[in-house]
Amino acid sequence: MVPHLLEEKTGELSLRSLHRVARCFYEPKAVFSGVAKAPTFFWVLLLSALLTLGVQVVLVPRIDLEATISQQLSRSGQEISEEQLQEAVKGAQRFQKLALFLAPLGTLAVTALLAGLYFLALKAVGSDAEYPPVLSAVAHAGFPPSVTQSLLLAVVASTRGQLPAQEIPRLVKSNLAAFLPEGAPKMLFGLGQVLDLFNLWYWVLLAWGLSAVGGVSGRKAAGILAVLWGLWAILQMGLALLR
């Protein structure tokens, strides 16, 4: 049976759908071509959620909440008593347990939201794309860089003891922010977090995916990414100033 017919018969819960997730690593263009004909979601979203949960299980016990809160207060110029600090730590511990299980849901929500933004952007450039293929393309494009980055982060974190949460972004030195000194301008730090090797990988895969499911040229797909991620970089720089 020819490949495109195989893709058209890909069932949502089938092993072929699961294999499609793995193929994102070594033949992504073929995957996106198949996604355009027969979008699938179950395996890639399930694995993404489990991956997020697994990373949280490794990271959460290693976060020094007292050091995290103290460092945050120090940066903002605030001072509190030891008693207030311990109360803040207890509150953070309660939230930490809840966040452990909310994080996978957050991953799914962000994926759906991003797919919605890319869907609207494709419509703006004249595409006839529908939302399901766009969601499938966004989920599959994000999986290879996410799983690689998450595994590296988990491995590095597992070799460390307790650490403030502020140090987590620096554990895997894949972006410019990881190499900036402590006193670097906040806006530069925000921009440096966006300029990440894993983001670059994601952008390349997503450009192929949007081009395939949207029926648009690679140039238009790249333009969509440049605009949306440019806005995200500006937002990150603005948020960095508020911290």
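Please treat every number below as a calculation from the coordinates, not as lab data. Computed from a prediction, not measured in an experiment: that's the story for all the values here. Please note: Cβ atoms are built from the backbone with ideal geometry, for glycine as well, and neighbour counts cover all protein chains shown.
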Self-check item: Choice from Gln72, Gln162, Gln84 with maximal GNM fluctuation in the chain (Cα, 10 Å cutoff)
Solution: Gln84
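Taking only complete DSSP H runs, can you tell me which helices of the chain stretch 18 Å or more along their own long axis by Cα positions and average at least 0.0 on the Kyte-Doolittle scale?
Working: long enough: 42-59 (26 Å, 2.32); 82-124 (55 Å, 0.67); 131-158 (38 Å, 1.05); 197-214 (25 Å, 1.37); 218-242 (36 Å, 1.42).
Span-like helices in the chain: 42-59, 82-124, 131-158, 197-214, 218-242.
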Quiz item: Counting Lys +1, Arg +1, Asp -1, Glu -1, what net charge surrounds Glu87 among other residues with beta carbon under 13 Å of its beta carbon?
Solution: -1
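Return the loop-located GluC sites (Glu not before Pro) in region 54-105 (DSSP other than H, G, I, E, B) with at most 13 other Cβ atoms within 10 Å of their own Cβ; answer none if there are none.
Working: sites: Glu66, Glu79, Glu82, Glu83, Glu87; in loops: Glu79.
Answer in residue order: Glu79.
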Quiz item: Among the aspartates and glutamates, which fall within straight-line cross-link reach of Lys90, defined as a Cα-Cα distance under 15 Å, with same-chain neighbours fewer than 8 residues apart omitted?
Solution: Asp64, Glu66, Glu82
Quiz item: Among Phe198, Val172, Pro145, whose Cα sits farthest toward the positive end of the charge dipole of region 126-216 (+1 at Cβ of Lys/Arg, -1 at Cβ of Asp/Glu, about the Cα centre)?
Solution: Val172
Practice problem: Please list, or write none, the aspartates and glutamates whose alpha carbon is within less than 16 Å of the alpha carbon of Lys173, excluding same-chain residues fewer than 8 places away. | Solution: Glu182, Asp196
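Using Cβ counts within 10 Å as a stand-in for footprinting exposure, how do Asp128, Asp196 rank, fewest first?
Values: Asp128 9, Asp196 20.
Lowest to highest Cβ neighbour count: Asp128, Asp196.
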Quiz item: Taking the Cα centre of the chain as the origin, how large is its charge dipole in debye, to the nearest 20, when only Lys and Arg (+1) and Asp and Glu (-1) carry charge on their Cβ atoms?
Solution: 520 debye
Quiz item: Build a GNM of the chain with springs between Cα atoms under 10 Å: which of Gln78, Gln93, Gln56 gets the top mean-square fluctuation?
Solution: Gln78
Quiz item: Over the chain, what is the relative contact order in whole percent, taking alpha-carbon pairs under 8 Å and six or more residues apart?
Solution: 25 percent
Self-check item: Euclidean distance of C-alpha centroids, region 40-57 and region 178-243, integer Å
Solution: 22 Å
Quiz item: Among Pro28, Pro144, Pro169, which one shows the biggest mean-square fluctuation in a GNM of the chain, springs joining Cα atoms closer than 10 Å?
Solution: Pro169
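So for Leu122, Leu171, fewest C-beta neighbours within 10 Å to most, what's the order?
Details: Leu122 25, Leu171 18.
Ranked by crowding around the Cβ, least crowded first: Leu171, Leu122.
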Quiz item: Which residues does a label at Leu13 reach in region 31-65, if reach means a backbone N under 19 Å from a point 7 Å past the Cα toward the Cβ?
Solution: 39-50
